[in-house]
Amino acid sequence: EGGAVGRIAAGEFAVLLADVDADTRRGDREARSLAEAFLIEVQRPLQVGDDSTTVSLSASVGVTRYPGMPHDTPQAALGRASTALRRARLAGDGRLAMFEPSMAETAVRRSRLEDELRRGIQAGELQLFLQLQMRQEGDVAGAEVLVRWLHPQEGLLSPAAFLPIAEASDLILAVDRWVLAQVCLLQLRLKAEGRRMRLSVNVSARHFQQSDFAETIIDLLDRTGADPGLLTLELNENVLVADPDDVLDKINRLSTLGIEFALDDFGTGFSSLSYLKRMPIHEIKIDRYFVQDAPADAAGASLLESILRVAQSYGLRVVAEGVETEEQACFLRVRVPDIVCQGFLFHRPAPASEWLEATEDAILATTTRGG
Ligand code: C2E
Ligand code: MG
Ligand code: MG
């Protein structure tokens, strides 16, 4: 009451709340709880037509105060709300963010990095890193491919520094496709040297959700002649639960070719276990968060133990991420004898050329064990 709603862009609405408490803390709390109530309302599934078809919508909210600074203008306030909104979207669907001044600086840096990344991909600044995955000492199960960006001024950037920016736009498609194409070429190179190795590639949610995702993968394999039977695509839980029919369809189509699917960062998503059980995947990757605290910390150890049991109950290949100590490797192997370990204890991610040299012997020793 006393407020206003306006549509300000194709999928964007501005809500103006009048009469919020003048006290900043209480006012913010009021705005936050209204926005939360709004998000819950928007996400309520809607029944469409006479049958039981339901659709659900999602939204994100950015909040700011007006006036929020000296000489404030409505335009500036809308700009702050947009900045907060972008932050909320980055955190995933259905999130809310209150504007903070530090976001403005971040926003400037983000938009600069976004331009630079767009140009950097064209200029060949992305790099392929690989990290071996080990069953036992000397027994290579495969390798995970990890992207890096060699920024002309800032040096080598890890995915955390630029993937969130790429993921907020279609730039992530360019990154993922570049990586996939490189992986196919790398596979051909390995093949030419008489080596075989399963390579795991991360696929972002936005990429997987493209309607032509399966076609572009099939097309890439056709064009390069790479072996689908040596390719694993890593998806996280949030991707798998987004649109079950679509996910099943894509996974099934690509699995027919021999491509395998891994559930990445297991345990960190929001999905129900019974639901995941229905997904036709081949591998579960336990997030390093759960590996880190065990076995030194008792609570961490029992948590990891339960997670291992759940992972094992799926009857799939289990990979543990972030294995850094002998104790952790031992803890894991005692409980899951054929577990695959990936971590600094065995190998650090290395640039493709270095990795090719360093792993020559390791791969030759286990040429046919692709998993
Ligand atoms: P992820 O897929 O879970 O990859 C594992 C991360 O754990 C990698 O971080 C790896 O360097 C790190 N790691 C491996 N062993 C250890 C260890 O023993 N200790 C610690 N502390 N860390 C370890 P990285 O390379 O920074 O990648 C971060 C995330 O970025 C990846 O997490 C993945 O989600 C994403 N990512 C990387 N490359 C790509 C890509 O080409 N496409 C997409 N869409 N995402 C990617
Ligand atoms: Mg991964
Ligand atoms: Mg992971």
Label-point separation, GLN122 to ASP170 (7 Å along Cα→Cβ), nm: 1.5 nm
Order by protection proxy (mean Cβ within 10 Å, highest first), peptides 81-94, 206-219: 81-94, 206-219
Added length on full extension, which subtracts the Cα-Cα distance from 0.36 nm per residue, ALA4 to GLN47: 12.8 nm
Kyte-Doolittle mean at least 1.0 and Cα axial length at least 15 Å: DSSP H helices in the chain: 171-192
Sorted peptide list for 290-299, 175-184, criterion being average Cβ within 10 angstrom, highest first: 175-184, 290-299
Measure of compaction for segment 142-197 (Cα Rg per 2.2 N^0.38 Å): 1.35
Overall form of segment 261-313 per C-alpha gyration tensor (a/c, 1.5; a/b vs b/c): prolate
From the C-alpha gyration tensor of segment 1-154, square roots of 5λ in Å: 39, 25, 16
FRET efficiency for GLU326 and ASP19, using Cβ-Cβ distance with R0 set to 56 Å, rounded to 0.05: 0.35
Overall dimensions of the chain as given by Cα atoms, namely Rg and Dmax in Å: 23.4, 74
Accessible surface of segment 288-358, 1.4 Å probe, proportion on carbon and sulfur as whole %: 52 percent
Chain lengthening between SER102 and GLN153 when straightened (0.36 nm per residue, less Cα-Cα): 16.1 nm
Cα-based Rg and Dmax for segment 102-190, where Dmax is the largest Cα-Cα distance (Å): 15.4, 50
P(r), alpha carbons of segment 125-257 - 10 Å bins starting at zero, rounded %: 11, 40, 36, 13, 1
Long-range amide H partners of VAL318 with built H, under 5 Å: ILE284, VAL340
Whole-number D in µm²/s for segment 208-260 (Stokes-Einstein; Kirkwood sum over Cα pairs; 20 °C, 1.002 mPa s): 186 µm²/s
Antiparallel %, DSSP beta bridges [both residues in the chain], to 5: 50 percent
Along principal axes, Cα extents of segment 245-371, largest first, whole Å: 41, 40, 24
Within straight-line cross-link reach of LYS285, lysines at Cα separation under 25 Å, skipping those fewer than 8 residues along the same chain: LYS250, LYS277
Segment 7-96: Rg to Rh, with Rh as the Kirkwood radius over Cα pairs: 1.05
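The values are calculated or read from the model by the stated rules, or taken from the named source; none is laboratory data. Here the structure is a predicted model, which means the values were calculated and not measured. Counting neighbours? That spans all protein chains shown, and the Cβs are built from the backbone with ideal geometry, glycine included. Heads up: the accessible areas ignore ligands, DNA and RNA and are worked out on the full protein's heavy atoms, side chains in. Shrake-Rupley method; radii C 1.70, N 1.55, O 1.52, S 1.80 Å.
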